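Take a look at the structure set out below.
The values are calculated or read from the model by the stated rules, or taken from the named source; none is laboratory data. Keep in mind that this is a model prediction, so the values were computed, not measured. Here the Cβ positions follow ideal geometry from the backbone for every residue, glycine too, while neighbour counts run over all protein chains shown.
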Amino acid sequence: MTPLNLLRRHARWLGLAWFGSGALIATPAFANCTVSPSSGSEPTLQSTLDSLLGPDTVPVSSCIADGADSLWTTVNQVGAIQIQIELAGNAASNSFGIYDPNTNLLVPIFSGSDGAGDIATIIVTPNGSQWTVRTWDANSPMSSYTVSTSAFGFYLQTTQNGGTTLYSDSSRNVGGADYMYAWGPLAGNSAGQYIIAWEDSVGGDGDYQDFVAQLIDVQPVNPVPLPASVWLLASGLLLTRRWWTREPAVTRRQ
């Protein structure tokens, strides 16, 4: 087997679409998602999405499978998040952001002063062996953070029980509970975008319309950025290919 074929074999084994990004774009798997009716006069999640995107555009019962919506990344380094609705009783004190899956660093994006219609911009750029994340919105100046990877998860912090942090990666939540559902990629005028919806209370009512946001140029990755040792293996294979394909010297017949 030539080194080129070996490289292709390893690329298939690793699930690589391309080398160098630090994150792999996922093809989302879908699952049945349970959404409870809303209490009182609050709109249901389905009626909320219907009003935003059109009737039956996004059936709430069929969302991205748990685990396939754990980590995300920006498209071409720049993405945006828009709050569509926030109906939580803790809305004034809740905060939303992204986190580094390797270092657990929390990067805040929205706080209690933000509400429906507010848009935040996220820029993720390489910085040597690390990455720089910059975020800002109309209510906050630009903030800059150093993270270990271009992939990130989402979190929602509430004041419940003295302060609780809920994660898009269910394995980080107590009992492996899934507090965030996601749908997409969308079609039509919102082509390529995603919707995320949160239940903000441990043991809550399960209506998943406490915090709903639309992701623009942000998409899931699968499943985590590869460790440095794997990238070194890929680089070594590339170097081997370069050596293998070097043109041999030509021997002229005397």
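Residues to consider are Thr44, Thr125; find the one that is touching a residue at least 40 places away in the same chain (Cβ under 8 Å) and closer than 19 Å to Ser201 by Cβ.
Thr44
Select from the range 168-207 the residues that are among the charged types (D, E, K, R) and within 19 Å of Ala68 (Cα to Cα) and write down the one among them that is surrounded by the fewest Cβ atoms within 10 Å (Cβ to Cβ).
Checked the range 168-207; the qualifying residue surrounded by the fewest Cβ atoms within 10 Å (Cβ to Cβ) is Arg172.
When Val174 is evaluated against the numbered criteria (1) in contact with a Phe, Trp or Tyr (Cβ under 9 Å, 6 or more places away or on another chain); (2) within 17 Å of Asp200 (Cβ to Cβ); (3) among the aliphatic types (A, V, I, L, M), which criterion, by number, is the only one it fails?
(1)
Scan (1) farther than 28 Å from Asp205 by Cα; (2) surrounded by 22 or more Cβ atoms within 10 Å (Cβ to Cβ); (3) acidic (Asp, Glu) for the single condition Glu86 breaks and write down its number.
(1)
Okay, residues lined up against (1) under 17 Å from the mean Cα position of the chain (by Cα); (2) modelled with pLDDT of 95 or more:
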position: Arg172; (1), (2): yes, yes
position: Leu186; (1), (2): yes, no
position: Gly192; (1), (2): yes, no
position: Trp198; (1), (2): yes, no
position: Ser201; (1), (2): no, no
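Need at least 3 residues that are at pLDDT below 95 and among the polar types (S, T, N, Q) per element, so show me which strands (runs of 3 or more DSSP E) inside the range 70-135 make the cut, counting only ones lying wholly within it.
Passing ranges: none, list empty.
Among the listed residues Gly97, Gly79, Gly67, which satisfies the condition of being out of contact with any strand residue (DSSP E or B) (no Cβ under 8 Å at 6 or more places or on another chain), surrounded by 14 or more Cβ atoms within 10 Å (Cβ to Cβ) and under 29 Å from Thr34 (Cβ atoms)?
Testing whether each residue is out of contact with any strand residue (DSSP E or B) (no Cβ under 8 Å at 6 or more places or on another chain), surrounded by 14 or more Cβ atoms within 10 Å (Cβ to Cβ) and under 29 Å from Thr34 (Cβ atoms) leaves just Gly67.
Taking Pro223 as the residue in question, decide whether it is assigned to a loop (DSSP other than H, G, I, E, B), at pLDDT below 90 and under 26 Å from the mean Cα position of the chain (by Cα).
In short, yes.
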